[in-house]
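Presented below is the structure to which this report refers.
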Amino acid sequence: RVEKAVPRDSCSVLVYTTPGCKHCGRAKALLSSLGVPFETIDVSSSPSLRSAVREAAGGKTSVPQVFVAGEHVGGSDELHEEERVGALARRLERAGIRAEPP
């Protein structure tokens, strides 16, 4: 079920990824550079999890797929764009997630 794959009530940042994915690496590097705590979930070995994430991501099948407090952000490009325009900081603040840059 989607609720189990992408918790809607969570105050967390989840990055659904696969091993060796360079776009996943970019997304994780951005979050790390901002001091955003996040959890990485590998979807490569679970077709049912990947299907649930696809459903929660509006049909997107690529990785990474990033969720903040259960809200779909998108992939690496969307995450970087949100950071560029200041939307990511606002989204994190609304979710009560503190970014603590290293």
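The values are calculated or read from the model by the stated rules, or taken from the named source; none is laboratory data. All figures in this text were calculated on a predicted structure; none of them were measured in a lab. Positions of Cβ are backbone-derived with ideal geometry, glycine not excepted, and every protein chain shown enters the neighbour counts. Only protein heavy atoms, including side chains, enter the accessible area calculation; ligands, DNA and RNA are left aside. Shrake-Rupley method; radii C 1.70, N 1.55, O 1.52, S 1.80 Å.
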Would you mind putting 64-70, 41-47 in packing order, based on average other-beta-carbon counts within 10 Å, highest first? 64-70, 41-47
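Write down the accessible area per residue of the chain in Å², having rolled a 1.4 Å probe over the full set of protein chains.
56
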Magnitude of the Cβ-charge dipole (Lys and Arg +1, Asp and Glu -1) of the chain about the Cα centre, nearest 20 debye, reported as 160
If each K or R counts +1 and each D or E counts -1, the residues other than SER62 whose Cβ falls under 13 Å of its Cβ total +3
Modelled label-to-label distance, ARG94 and SER48, 7 Å Cα→beta-carbon offset: nm? 3.2
Here the gain from full extension of GLU71 to GLU39, 0.36 nm per residue of separation minus their alpha-carbon distance, amounts to 10.1 nm
List the residues whose amide H sits under 5 Å from the amide H of VAL36, counting only those 5 or more places along or on another chain, with H placed 1.01 Å from N in the peptide plane. GLU100
Explain nothing, just compute: Karplus ³J(HN,Hα) = 6.51 cos²θ - 1.76 cosθ + 1.60, θ = phi - 60°, for every residue of region 41-58 in order, whole Hz, x for Gly and Pro. 10, 7, 9, 5, 9, 9, x, 5, 5, 4, 5, 5, 5, 4, 4, 5, 8, x
DSSP-defined antiparallel bridges as percent of all bridges, the chain, nearest 5: 65
